[in-house]
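I have placed the structure first, in the form of structure tokens, so that the comments after it can refer back to it.
The values are calculated or read from the model by the stated rules, or taken from the named source; none is laboratory data. None of these values were measured; they are calculated from a predicted model. Positions of Cβ are generated from backbone atoms using ideal geometry, with glycine treated the same way; all protein chains shown enter the neighbour counts. What goes into the accessible areas is simple: the full protein's heavy atoms, side chains included, and nothing from ligands, DNA or RNA. Shrake-Rupley method; radii C 1.70, N 1.55, O 1.52, S 1.80 Å.
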Amino acid sequence: DVLPLPWLGSGYGRSNDIVRALSEIGAEVTIFPVNPTRVPLTRIYSALPETVEIMHDRTIDDLEDLFADRRGFYNIVWVSRAHNLAKALPTLEAHCADVSAVSVILDTEAVFSLREAAKAKLHGQPFDLEASLAEEFKAAWFCQFILAVNEAEAECLRRFGFSDVDVLGTTKEANPTTKRFEDRSGFLFVGSIHATDSPNYDGLVWLTREVLPLVARALTETVEFAIAGYLAPGVDLAAFASVPGVRLLGEVENLTPLYERYRVFVAPTRYAAGTPYKVYEAAAHGLPIAATPLLATQLGWCDGVELRVGSGTEEFARAMLALYRSKTEWTKVRNAALSRIRREHSASTYRKRIRDILEKLRPSAARK
């Protein structure tokens with residue numbers, strides 16, 4: 001949608017990692033945003049590899065000119081998110097129809113129909129998942145390959161009828177902070193909030209209104225609950241500031257000191273799609289996580305092993321307290337999550353995964 005700047009959250013961190021990995025394996029990369037990115041150039045260039053061409057002043061209206069000017073230049077067009085593919089389709093049909101010359105990948109980033117289905121279920125509303133998927137992926141027939149961020153979403157797309165679907169998740173190097181359990185205190189939430197009808201905002205409303213009072217009653221001391229992350233213009237978090245113990249930190253450029261200071265990371269997401277990037281990041285820094293069952297499914301992690309899971313208000317409070325009170329539990333979950341990060345999400349593993357995906361693209365493959 002816009003340039004993949006990691007502090008924006010909502011999948012942009014993962015897209016930034018993909019761009020970096022492509023650059024590191026020797027690809028010549030042009031980043032072309034669909035919408036304007038109103039960020040100072042110094043911040044843009046500091047967030048992306050210097051070997052990457054950044055079309056910072058272009059939008060979808062300029063895409064036709066790009067392909068016309070660079071006819072035959074690109075071997076692969078990597079499109080992030082299905083709605084952007086639909087917007088770009090007329091241009092791609094005109095310039096990328098020859099599968100022997102160019103391959104088109106749809107990186108779903110998240111299957112938004114699944115997010116909307118979960119949201120409807122949460123509020124007791126009907127939802128036609130088949131119709132929503134048909135609309136979301138109406139342009140996907142043009143692609144040779146589709147990427148999902150986890151196996152659950154990949155399987156959903158396969159059941160819907162797409163055959164060439166694979167998984168590309170996230171990358172994080174394990175870099176655990178060193179402060180001991182007993183030298184830490186408080187809970188930490190990190191996530192971008194782009195709107196008040198977003199999953200992160202919903203999760204914070206539920207957590208502050210229903211869960212935190214139970215946690216506060218169970219603890220003898222007053223415990224801080226910190227909220228950090230990008231906040232879109234017009235989004236007001238003042239309602240949370242009046243909750244006892246809540247501290248609003250806003251956008252924090254370097255999160256490492258927060259991962260060092262707090263004892264437990266809290267991920268209260270009740271509906272979402274994609275993959276919880278900030279959960280991986282917290283785990284990579286050695287901060288144990290209390291999460292919802294939805295996020296555990298997206299991660300493919302198990303309750304009591306790599307994280308603690310709570311499915312309702314009381315259960316979620318118990319998950320938070322289990323990690324907060326017990327050094328043994330805290331250490332066990334921390335170590336298991338770090339082992340998973342090292343085993344599955346290293347930069348070298350990610351680069352190999354992307355190489356394998358690109359090698360699957362054969363010029364003679366028919367679009368499906």
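For Ala317, the criteria (1) farther than 27 Å from Ala148 by Cβ; (2) buried (at least 20 other Cβ atoms within 10 Å of the Cβ); (3) touching an Asp or Glu at 6+ places or on another chain (Cβ under 6 Å) hold in every case but one, which is (3).
Could you please find all residues in the range 293-306 being open to solvent by 30 Å² or more (accessible area, probe 1.4 Å) and either aliphatic (A, V, I, L, M) or not in a strand (DSSP E or B) (or both)?
Taking the range 293-306 as the starting set, the residues that turn out to be open to solvent by 30 Å² or more (accessible area, probe 1.4 Å) are 293-294, 297, 300, 302-303, 305.
Pro293, Leu294, Thr297, Gly300, Cys302, Val305, listed by residue number.
Name the one entry in Lys138, Lys179 that is closer than 30 Å to Glu253 by Cα and at pLDDT 95 or above.
Working: Lys138 fails: closer than 30 Å to Glu253 by Cα.
One residue alone meets the criteria, Lys179.
If the condition is being under 18 Å from Val29 (Cα atoms), open to solvent by less than 60 Å² (accessible area, probe 1.4 Å) and more than 23 Å from the chain's Cα centre (by Cα), then the range 66-94 contributes Leu66, Phe67, Ala68, Tyr74, Leu92. Taking strands (runs of 3 or more DSSP E) as the structural unit, those lying wholly within the range 244-292 and holding at least 1 residues that are open to solvent by 10 Å² or more (accessible area, probe 1.4 Å) correspond to 246-250. Of all residue pairs spaced 6 or more apart or on separate chains, those with beta-carbon atoms under 8 Å, a first member in the range 179-206 that is closer than 20 Å to Tyr324 by Cβ and part of a helix (DSSP H, G or I) and a second member that is at pLDDT 95 or above and of a type in the set (A, V, I, L, M) are Gly203/Ala267; Leu204/Ile227. For Val215, state whether it is out of contact with any Pro (no Cβ under 8 Å at 6 or more places or on another chain), open to solvent by less than 50 Å² (accessible area, probe 1.4 Å), part of a helix (DSSP H, G or I) and modelled with pLDDT of 90 or more. Yes: the conditions hold for Val215. Between Val264, Val205, the distinction of being under 25 Å from Lys119 (Cα atoms) and within 26 Å of the chain's Cα centre (by Cα) belongs to Val205 only.
Residue count for the range 161-182 under the criterion of being more than 16 Å from Thr349 (Cβ to Cβ), in contact with a helix residue (DSSP H, G or I) (Cβ under 8 Å, 6 or more places away or on another chain) and open to solvent by 60 Å² or more (accessible area, probe 1.4 Å): the result is 3.
Given the criteria over 21 Å from Tyr277 (Cα atoms), in contact with a His (Cβ under 8 Å, 6 or more places away or on another chain) and either free of Cβ contacts under 8 Å to residues at least 40 places away in the same chain or open to solvent by less than 60 Å² (accessible area, probe 1.4 Å) (or both), does Leu63 qualify? So Leu63 does not fit the description; no. Given the condition of a type in the set (Gly, Ala, Ser), assigned to a loop (DSSP other than H, G, I, E, B) and either open to solvent by less than 20 Å² (accessible area, probe 1.4 Å) or in contact with a Cys (Cβ under 9 Å, 6 or more places away or on another chain) (or both), answer yes or no: does some residue in the range 11-26 qualify? Yes, the conditions are met somewhere in the range 11-26.
Screening Phe225 against (1) under 20 Å from the mean Cα position of the chain (by Cα); (2) at pLDDT 90 or above leaves a single unmet condition, (1).
So is Arg340 closer than 25 Å to Asn16 by Cβ, charged (D, E, K, R) and at pLDDT 95 or above or not? Against the criterion (closer than 25 Å to Asn16 by Cβ, charged (D, E, K, R) and at pLDDT 95 or above), Arg340 qualifies. Taken over the range 36-49, the criterion of being touching a helix residue (DSSP H, G or I) at 6+ places or on another chain (Cβ under 9 Å) and open to solvent by 60 Å² or more (accessible area, probe 1.4 Å) is satisfied by Arg43 alone. Can Val39 be described as assigned to a loop (DSSP other than H, G, I, E, B), β-branched (Val, Ile, Thr) and modelled with pLDDT under 95? Here the answer is yes, as Val39 does meet what is asked. The set of residues in the range 6-36 being modelled with pLDDT under 95, among the small types (Gly, Ala, Ser) and under 21 Å from Ile193 (Cβ atoms) consists of Gly9, Ser10, Gly11, Gly13.
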